[in-house]
1. Do we find a residue being in a helix (DSSP H, G or I) and either of a type outside the set (Ser, Thr, Tyr) or out of contact with any Asp or Glu (no Cβ under 7 Å at 6 or more places or on another chain) (or both) anywhere in the stretch 35-53?
2. Looking at ALA65 and the list (1) closer than 28 Å to GLU2 by Cβ; (2) within 15 Å of the chain's Cα centre (by Cα), which single condition is not satisfied?
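Quick note: the coordinates plus some simple rules give every number you see, no bench work behind them. Everything numeric here is computed off the predicted structure, so don't read it as measured data. Here the Cβ positions follow ideal geometry from the backbone for every residue, glycine too, while neighbour counts run over all protein chains shown.
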Amino acid sequence: MEDGEYDFAATEKNRVEEKQRAKRREREQKGEEFEPHWFHKSKCPITGEAFWQFNGKYWKEREKAGTGEAWRMIEEIF
């Protein structure tokens, strides 16, 4: 979209979303539950409302970028 390629951007968005949906269906068929890498479920101590809290692990993984060791545990959804 930044380059004005709106049709390509829409097609690419659809491709990525369909790949993500396929991964979700695959996990569901295997009975696996999705567990985010960068967040964990938490509860607000004031309201008691559930929310996703950042766990800080992203920055540790990002430090490995350029070493060939980064992002290995992340499933390919793009």
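1. Step one: of the stretch 35-53, the residues in a helix (DSSP H, G or I) are none.
No; the residues of the stretch 35-53 include none that is in a helix (DSSP H, G or I) and either of a type outside the set (Ser, Thr, Tyr) or out of contact with any Asp or Glu (no Cβ under 7 Å at 6 or more places or on another chain) (or both).
2. For ALA65, the exception is condition (2).
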